[in-house]
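Structure, as structure tokens:
Taken together, the values in this text are just the output of simple stated rules run on the coordinates, not laboratory data. Please read these numbers as outputs of a predicted model, since none were measured by experiment. Here the Cβ positions follow ideal geometry from the backbone for every residue, glycine too, while neighbour counts run over all protein chains shown.
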Amino acid sequence: MTKAGLIRLALIAVLLGALEVLVRIGRIDALTMQAPHKMLLDLYAMLASGKLNKAIAKTMGNAGFAFVIAVSLGVISGLMIHRMRRVRETLDPLFATYYAIPVFAFYPLLILLLGLGDAPQIFIGVMLGFVAVVVNTLNGLDRVPRVLLKTARVNGMNGLETALKITLPSAAPYILTGAKFAVAYSLIGVIGAEFIMSTGGMGYEISFAYNNFDNATMYPLIIMILVASISINMVISRWEKSLLKRRGLQ
Amino acid sequence: MTQPHIRLSDVEMTFSRPDGVGEDIHALGPIQLDLRHGEFFAVVGPSGCGKSTLLELMIGLTNPTKGTITFEGQPINGSCPDGIGVVFQEDASFAWLTVRDNIAFGLRRMALDRREQDERVEQALAMMGLVEFADVYPSQLSGGMRQRVCIARTLVTQPRLILLDEPFGALDQQTRLLMGDEILSLWRKTGATIFLITHALDEAAMLADRIGVMSSRPGQLIDIVETNWPKDRDSRIVENDAFGAVTARLWRSLRVESMKAIGKKDAQA
């Protein structure tokens, strides 16, 4: 592990240790915050009982679905927009201000349009993740060296072949950066939507536990979401780093 | 009389200004040129004279505004014909593929059985001195080695005409001389026609059978110099007394054009 990684780990350990001490000596009210060891014990008990498996599966499934749609649509849209200069010029300012839009404000409208099922939550996850993928795909495509495109033409490759064999592999590290954002945004979108108006999922369960002072459920669920999001991000980061290293960029 | 390998007849290229305001830019031509089968032809010219535009026309990346280009008797229209290979000045290696996969890239698109493809790749690796680097990525190689990968990628498709666009432009002088030796050796082994674009007079004088000198924009061929070197030459040709005479003649033809290219309007021969 690098020195920076060790310092990072030490910092997290110090913060968790401080929280543990502060809760144990009563400086932080146990009704507000649990000691970290208690959160872990509750998480174990929750997973062992299986009582929230359905909620976990629903949230992770919807977030995963939103992620896949956001990445697929984002990459395809990025490729298409990159080929259309005028469309790009029109959309670029909109992409730049996109995240100023409070997407959750559209939730009632989405329920009217898509019904009460999982669709509105998935849709919000896609809405949040999609633009991050498009923007990073465009960034990657902008950096594909012109000489590689000339090589594709000399080899008689059509647009699809050029995209699959030249431009997308060349832009892959940037697309992975977009995918990394899409993981976080898909989870935020789905869980946020479950908080607002849903009858199931981790967001709903956290909200329900919060309203009933059920810390033994709320904190383990929060930990699970954190661990899932960070783990997926770390896997993609590693992949991204190995691609950059292979290209001598790191 | 034998048919030329590639023929440029009254080729001209004019570009519209990007903002659409003002006169069009007459970049090139008219150019008449016949390349003989198996010859090594080099083109030298001042910066911005249209050397690279000429190459792009010859590989069908751009269509000429006027005139025609034929390769082995067939007109080139908007796509690169089979039998032509190109090595660009910029690093065109694929960073995400190993050296071996880079070299095999063009072959994978050809109707050849896998064994034949693998054999050709191994031959190209050996020919370019890349055997021990076959499984590394281009980022682990020097600029010269990466350019060798690109040359090998072109060679495996066994082109009958190889176009080189300042392929050694980014290399130091010693490496350029040695790469020149390798190109000459490949030329003899493959029997291909080679068309080299370079800004280095000594490189052109060392490598080519004939050297075309281009004027400043609009680029036209103002002189063609025959070197009369033996086919089995190498970089030691620079020691030959006639080498100085060839480079001197090239410079005599090029000096005024180069001065024009940098804006010296009172340029005189």
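Assorted remarks:
- The local environment of A:Asp214, defined by Cβ-Cβ distances under 15 Å, has a net charge of 0 under the rule Lys, Arg +1 and Asp, Glu -1.
- Cα point-scatterer Debye curve for the protein assembly as shown, base-10 log of I(q)/I(0) at q = 0.06, 0.07 Å⁻¹: -0.46, -0.58
- DSSP beta bridges in chain B [antiparallel fraction, %, rounded to 5]: 50
- Taking all pairs of distinct alpha-carbon atoms in the stretch A:35-246, Kirkwood radius in angstrom: 18.9
- All aspartates and glutamates inside 19 Å of B:Lys66 as judged from Cα atoms, apart from same-chain residues fewer than 8 positions distant: B:Asp10, B:Glu12, B:Glu23, B:Asp24, B:Asp34, B:Glu56
- Averaged over peptide B:78-87, the number of partner chain Cβ atoms lying within 10 Å of each residue's Cβ comes to 2.
- The residues packed around B:Leu55, meaning those with a beta-carbon under 11 Å from its beta-carbon, carry a net charge of -1 if Lys and Arg are +1 and Asp and Glu are -1.
- Shown for chain A are the DSSP H helices of 30 Å or more along their axis, judged by Cα atoms, with a mean Kyte-Doolittle hydropathy of at least 0.0: A:3-24, A:53-83, A:119-142, A:168-196, A:215-246.
- Euclidean distance between Cα centres, the stretch A:15-90 to the stretch B:1-47, Å: 61
- Linear extension gain, A:Leu6 paired with A:Ala105, 0.36 nm per residue minus alpha-carbon span: 31.5 nm
- Bridges between two residues of the protein assembly as shown, per DSSP, are antiparallel at a rate of about 50%.
- Multiplying each eigenvalue of the alpha-carbon gyration tensor of the stretch A:1-147 by 5 and taking the square root yields semi-axes of 40, 25, 16 Å, largest first, rounded to whole angstroms.
- Inter-chain neighbour count for B:104-113: the average number of beta-carbon atoms from partner chains within 10 Å of each residue's beta-carbon is 2.
- Between the Cα long axis of helix B:241-261 and the first principal axis of chain B there is an angle of about 60°, rounded to the nearest 10.
- Measuring r between the beta carbons of A:Phe208 and A:Met80 and using R0 = 41 Å, the FRET efficiency lands at 0.45.
- Across peptide A:150-159, the average count of Cβ atoms from other chains found within 10 Å of a residue's Cβ is 6.
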